[in-house]
Amino acid sequence: MNSEQANYELIDRYHNKELSSEELKDFENKLQVDKEFSQENEMYIISRRSMRVVGRKELKDKMRSFEKEIQEKSSGSSRPSYYRYFAVAASIAVLIGAYWIFDSSMNDQDLYTANFEVYDSPTYVRGTGTLSNWQLGIEAYNERRFLKAYDHFENANGQASYLKDFYQAQCLASMDPPLIKEALEKCELVLNNNNTYVEQAKWYKGLFHIKLGEKESARTTFQEIVNQDGYNSKKASKILNSLD
């Protein structure tokens, strides 16, 4: 197996939550130091997210035509099949963008799925001593063990309440099944105080309103983001067009 194929399989295992704690640390370090690897990971994310929202027949047919064309052009090539995967993923991403611009018929679940992405965890310097509940929560969060992360954040005494509330909202929304109403309540707590996560909390508040079918509340929230040129304001503008 060459290094590029190994990268693809590593990325796939990461997103399927199959990495050990040690492998996860190596993966996150590789993301920081290897630009090409980071780009491959981003393309993988785009492809997964896009595949969840491509539902219309013409988009599926177009995707298949792209794949067939790429396969024909690469026949006889020594490049492995995952190159085709990334190329098709890029094509899907373009189609999704066009779908958003020209078709306002995406339902609430499509809009939510297309836009919800777990927020990056805060960073911390790992020492040699016993980890705090906050640090243990971050590690569980990065490993996508959201229930465990939630509990550690809950017991992180001395940590700023807005940070705990924000990341607990992320955990609640990412559980299986997701607890969206509770996640929305946590976002409201973040918004009740002046802190550095207000804009991010407002973005997720809007998404959670969409998930709950509360379109008017979602419109109000995303309009505020657009008016204030806040976090993800361009995406908020597209969502408003889709909600009309």
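The values are calculated or read from the model by the stated rules, or taken from the named source; none is laboratory data. Since the structure is predicted, the reported quantities are computational estimates derived from the model, not experimental observations. We place every Cβ from the backbone using ideal geometry, glycine too, and count neighbours over all the protein chains shown.
Computed quantities for the displayed model
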item	result
Per-region count, the stretch 148-179, residues touching a helix residue (DSSP H, G or I) at 6+ places or on another chain (Cβ under 7 Å), in a helix (DSSP H, G or I) and closer than 24 Å to TYR112 by Cα	13
Residue satisfying all of: in the stretch 207-231; in contact (Cβ under 8 Å) with a residue 40 or more places away in the chain and charged (D, E, K, R); surrounded by the fewest Cβ atoms within 10 Å (Cβ to Cβ) among these	LYS215
Residue match in the stretch 117-138 (condition: in contact with a helix residue (DSSP H, G or I) (Cβ under 9 Å, 6 or more places away or on another chain), of a type in the set (Asp, Glu) and assigned to a helix (DSSP H, G or I))	no
For ALA156: the one exception among (1) in contact with an Asp or Glu (Cβ under 9 Å, 6 or more places away or on another chain); (2) farther than 15 Å from PRO178 by Cα; (3) of a type outside the set (Asp, Glu); (4) at pLDDT 90 or above	(1)
Test result for GLU154, under 30 Å from ASN107 (Cα atoms) and free of Cβ contacts under 8 Å to residues at least 24 places away in the same chain	no
Residue, modelled with the highest pLDDT, within the stretch 5-62, restricted to residues that are outside any helix (DSSP H, G or I) and polar (S, T, N, Q)	SER20
Selection status of ASN29, surrounded by 10 or more Cβ atoms within 10 Å (Cβ to Cβ) and more than 14 Å from ASN142 (Cα to Cα)	no
Criterion (farther than 30 Å from LEU19 by Cα and either free of Cβ contacts under 8 Å to residues at least 60 places away in the same chain or not in a helix (DSSP H, G or I) (or both)) met by exactly one of LYS238, LYS234	LYS234
Residue check, ILE239 modelled with pLDDT of 95 or more, β-branched (Val, Ile, Thr) and closer than 19 Å to TYR119 by Cβ	no
TYR204 aromatic (Phe, Trp, Tyr), touching a residue at least 40 places away in the same chain (Cβ under 8 Å), surrounded by 16 or more Cβ atoms within 10 Å (Cβ to Cβ) and more than 15 Å from ASP108 (Cβ to Cβ)	yes
